[in-house]
Each structure stands twice: as structure tokens, then as C-alpha cells.
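The values are calculated or read from the model by the stated rules, or taken from the named source; none is laboratory data. Computed from a predicted model, the values in this text were never measured in an experiment. Every residue, glycine among them, receives a Cβ derived from its backbone with ideal geometry; neighbour counts consider all protein chains shown. Keep in mind that these areas ignore ligands, DNA and RNA; they rest on the heavy atoms of the full protein, side chains included. Shrake-Rupley method; radii C 1.70, N 1.55, O 1.52, S 1.80 Å.
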Amino acid sequence: MAERNERAYEKVIEHIKNEIWQGTLKRGERLPPERELAESLGVSRNSVREAIRTLGLMGFVSSTQGAGNFVTCDIEQNLRESLRMMILLGETNYLQLSQLRCGLESENARLAAERIQPRQAARLKELARLMREEADPQKASRYDQEFHSLLCEASGNRLIKSLFSAMLSTINDFISTMYVRIVEDPAQAEALHTAHQRLADALAAHNADAAGQAMRTHFEVVDASIRREKLL
């Protein structure tokens, strides 16, 4: 019975995926009622509910009380949960996540150098200055997070932004902790602040190569701190 139920809910998932693929269902549209789906596919309503629950966890269906189930595309939710579970299960670590961020954000910086708007460039320069001048490390770390979020927005690449947002929400506390530890060392603090300043300057000048190099220097400081603290 368990095997039949598993095949049944997978059948529902495949049906919904095919409807989306064919364009019959689009983002924001409501799915057919559970009873209608069950009858048309020859499965139980429990199988339909299980399929919708699974698609919800994946970030492709959202449910609203009294309104029904709707097609969505919340890739960040899916990635966020996957990354969190990988960390909890020991399948990855903070150094690997930092290395992934470096690759994504280095390319992101190059894209942003081509597309950044004057107001965004001005705010990045201001954030770099505020990070350096702020005496409270916790508050400065929030400037740091805003800096990188704004940089992702400036690139105009929604997929990179989604990947970054998923990682950020997963390791937000870790990032704050690492920032505090880095700035405890005057030399490391200077290296980190200088990397942010050079990145902001490169973006304002639309210099993609300098922006990518500044981002890589930034993560060299972060990775060195992770290794020093043995947070592998």
C-alpha cells in the first residue's frame, strides 16, 4: 500500500510539473481543487495533499487558507532548507559555503560593474565608509550584509541574488560572528575594510576586473579567519 501511495503522489507531482512545463499553469495561477485533481488522475485526495505539500516544501506551490493552492517559484526557500540540512548533517561546512559565495559574488561584482546605477554606487561607498567608522561590530556587520545584498541587486541577475539570499539567511548568524572576530584583529579589519572600499570604488568606475579582484581579496580575508577559528 505504501508503494502504491508513493507512486500516486509522485503521479500528481509529475502532472503539475507537466502542466507548468506546457504553459497550462503559470506562476500565480491557482491549481485545480484537490477533489478535481484526485478524480482526473485516479488517485486519492490524500495523495494530492501529499504532492502539494511536497511541492510547497520545494517552493513551487503556496497555499492560502480559503483561497486554494497557487503556482509559485520560491527558489530561495528550497535552497535555504537544503543548505541548512546539509550543514546540520555535516555534508558541507562554512568554508565551502564561503568558497561558493566567493565564486558567485566575484562574478556578481563583474556584472554589477556593468549595470550599477549611480544611487547604488553611492550607497555602496557610504556603506563601506560606515563599516570602517562604526565602533559597534554588530552594527557594522549589518552594514556589511546590506553592502552585499545591494551588490546582488545591482548585478540584475535574479538567480545569483536568489542563491545569495538563500545562503545569507542560512548563515546570517555565522556571518555576524565572523565579522566581529575579523575586526578584533586590526590588520584583518583594515584588510576587510579596504577590500570593501576598493570594491565600491571599482563599481563606481565600472571596472569589472578590479571589482572581481576586490571581491576575491575580501573572501581571502574571510576564509583565513574561518581556518584560524577552525570552523571547517
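Ignoring ligands, DNA and RNA, what accessible area per residue does the stretch 83-232 give at 1.4 Å, in Å²?
Numbers: 7360 Å² over 150 residues.
Dividing the accessible area of the stretch 83-232 by its residue count gives 49 Å².
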Carbon plus sulfur fraction of accessible area for the chain, probe 1.4 Å, in percent: 50
Provide the packing ranking of 10-17, 135-142, i.e. peptides ordered by the mean count of other C-beta atoms within 10 Å per residue, highest first. 10-17, 135-142
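For E81 and E36, FRET efficiency with R0 = 22 Å and r from the beta-carbon atoms, rounded to 0.05?
That pair, E36 with E81, gives E of 0.15.
Take the Cβ-Cβ distance between D185 and E107 as r, set R0 to 30 Å, and report the resulting FRET efficiency rounded to the nearest 0.05.
It comes out at approximately 0.55.
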So which aspartates and glutamates pass the test for K125, namely a Cα distance under 13 Å, with those fewer than 8 places away in the same chain ruled out? E133, D144, E146, D201
From the square roots a ≥ b ≥ c of the eigenvalues of the alpha-carbon gyration tensor of the stretch 16-135, which class results: rounded (a/c under 1.5), prolate (a/b over b/c), or oblate? prolate
What are the GluC sites (Glu not before Pro) within the stretch 170-232 that DSSP puts in a loop, where the Cβ has at most 14 other Cβ atoms within 10 Å? E229
